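For reference, the structure discussed in these notes is given below.
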Amino acid sequence: MSRRAECTAEETEGREVCAVHEVLRKVSGKWTLGVLSETVHGPVRFARLERSMNGISRRILTLTLRELEENGLVTRTVYPTVPPKVEYTATAQARELYALLTGLTAWAARHSSTATGGARDHEDDMRGSTG
């Protein structure tokens, strides 16, 4: 993969790093994982999402939901009622992805000191230094 921010179609074919990069790009937004977390457990309405996502604006929530829908990770269902009832649900693809991503929490817990400690701590570990 080149040093560009995105993989080309040719690079993506058969290149694991490009495939992973593409997945991470789809879920790397500030609010994306929080929204997925809420929708994975079943249908949720906009107002409930807004309440559960402390600090998110209506505009950003709307944009995040649209992006997730465009990426095939959330389904938007509109019911013909007055006022209209709209629910958002994670797709099967999103539930599978979310399970894999939450699996990273175990890794993060095991490696939290080295993952957050930076290169210097890693170098000290490699040399066997204690301080």
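Read-outs throughout are calculated quantities, based only on the coordinates presented, and are distinct from any laboratory measurement. These figures come from a predicted structure and were not determined experimentally. All Cβ positions, even for glycine, are placed from backbone atoms using ideal geometry, and neighbour counts span all protein chains on display.
Quick look at the numbers
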read-out: ARG25/VAL78 FRET efficiency (R0 30 Å; Cβ-Cβ; nearest 0.05); value: 0.60
read-out: Net length gained if the chain between TRP107 and LEU33 were fully extended (0.36 nm per residue, minus Cα distance); value: 24.9 nm
read-out: Distant-in-sequence amide H partners of VAL74 (H built 1.01 Å from N, under 5 Å); value: GLU69, THR91
read-out: Extension gain, LYS85 back to GLU50 (0.36 nm per residue minus Cα-Cα distance, nm); value: 11.1 nm
read-out: Relative packing of 19-31, 59-71, which averages over residues the other C-beta atoms within 10 Å, highest first; value: 59-71, 19-31
